[in-house]
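K.L.:
Quick one: the structure is below, questions incoming.
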Amino acid sequence: MQRFPELMEKYKGWRCAACGEELVPVATQLAYLGSVFDVELPGCPRCGQVLVFEELALGKMLEVELILEDK
């Protein structure tokens, strides 16, 4: 499972917009083009919404997308 401790610390104290609960680390599966990735991201313990960090979406996930699309 991929973890992002430095980013988790940056978003510590953030709350769910829908529930108001503080986000906690949750195991999450991301799927793209038939590939599944296990990651730990901040998520709401009440409603299950997960925050995908901007840094992750525009960095690591973009790199993976480009690699998978080139195959």
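The numbers here are math on the coordinates, done by the rules we state, and not lab data. What you are looking at is a predicted structure, and each value in this text was computed from that prediction instead of being measured.
K.L.:
What list of ³J(HN,Hα) couplings, whole Hz, do you get for segment 5-20 from phi and the Karplus terms 6.51, -1.76, 1.60, once you set θ to phi - 60° and write x for glycine and proline?
P.N.:
These are the phi-based 3J(HN,Hα) values: x, 5, 6, 4, 5, 4, 9, 4, x, 5, 10, 5, 5, 7, 10, x Hz.
K.L.:
Enumerate the amide H contacts of Val26 below 5 Å, restricted to partners 5 or more residues apart or on another chain; note that Pro and chain-start residues carry no placed amide H.
P.N.:
Residues meeting the amide H criterion: Leu41, Gly43.
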